[in-house]
Ligand SMILES: [Zn+2]
């Protein structure tokens with residue numbers, strides 16, 4: 001499962017297990033992943049300017065999550081939320097067309113698990129997932145400025161210089177083009193839908209999620225969770241889609257789906273509907 005992980009990402013997971021044991025937790029929770037990441041990669045503070053490790057530890061103590069510490073030799077499992085973080089990190093790496101999964105993708109994965117303690121702490125510390133993605137896909141000049149060259153070697157090889165705008169944010173046009181191509185590769189029928197929470201089945205032993213509701217008949221091993229799948233991301237730009245009746249959330253609560261993946265309304269209208277955006281004018285790409 002960790003084959004794609006960089007050395008730093010592997011060490012961060014190792015540290016998060018240690019942190020979980022120090023907190024006396026039976027699971028590696030998202031907040032332990034966060035502590036593990038920050039121990040391993042100081043650079044991540046660049047994206048959370050309003051905090052430091054001590055402040056985060058203090059905030060965790062305020063949340064009362066600390067128990068007497070357990071032995072580090074116990075092989076603590078990941079909580080369900082942490083498993084989703086790992087899945088989201090892989091999705092983030094895929095969306096950026098990065099072969100490896102690094103601490104930066106895990107950092108984004110934590111922000112994708114909205115409502116988790118780590119997500120809350122990161123956001124109050126000033127983290128903004130759009131900014132992080134932009135830093136990882138922006139122009140090389142920008143990446144060099146913002147990262148002090150840390151990611152530059154890798155990024156400059158994979159960068160295309162042209163960008164285009166989605167949801168008011170500049171994106172790497174080559175990455176978007178690749179995602180649209182992946183979308184077009186399967187001849188799916190896409191339909192406009194409001195996003196509604198989806199029923200899922202969870203395997204009791206492993207905590208793994210399935211959309212095959214027939215598994216729930218085996219109630220000894222599987223549990224049906226009504227509306228357990230609460231959000232998805234645009235396949236092209238990673239925009240969040242979630243259930244909401246609020247008009248202010250309209251761009252988040254409606255998208256297009258092929259029954260499996262989702263595309264936000266903006267990407268659908270811009271890249272999918274009508275003639276192939278990328279084979280025509282390129283007028284939006286700067
Ligand atoms: Zn989109």
Next on the checklist: Largest first, please: the extent of the C-alpha atoms of region 7-139 along each principal axis, to the nearest Å.
Outcome noted: 47, 29, 24
Checklist outcome for this item: Once both label points are put 7 Å beyond Cα along the C-beta direction, the residue 250-residue 54 separation in nm becomes 4.9 nm
Checklist entry - Which whole-percent values make up P(r) of region 162-225 when all C-alpha to C-alpha distances are grouped in 10 Å steps starting at zero? => result 18, 23, 26, 24, 9, 0
Item to check | Rough spin-label spacing in nm, given labels placed 7 Å along Cα→Cβ, for residue 61 and residue 39 | outcome: 1.7 nm
Next on the checklist: Give me the extension gain from residue 3 to residue 123: residue separation times 0.36 nm, minus the current Cα-Cα distance, reported in nm with one decimal.
Outcome noted: 40.3 nm
Item to check | Computed [θ] at 222 nm, helices only, for the chain once each DSSP H run of length n ≥ 4 contributes -39500 (n - 2.57) | outcome: -11500 deg cm²/dmol
Item to check | Residue-span extension gain [residue 269 to residue 131] - 0.36 nm each, minus C-alpha spacing | outcome: 47.3 nm
Checklist entry - Taking the Cα-to-Cβ direction at residue 188 and at residue 214 and moving 7 Å from each Cα, how far apart do the two end points lie in nm? => result 2.1 nm
Item to check | Average projected area [Cα convex hull, the chain], square nanometres | outcome: 16.8 nm²
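Read the figures in this text as sums done on the coordinates, not as results from a lab. Every value quoted in this text rests on a predicted model; they were computed, and no experiment measured them. Here the Cβ is made from the backbone with ideal geometry for all residues, glycine too, and neighbour counts use every protein chain on show.
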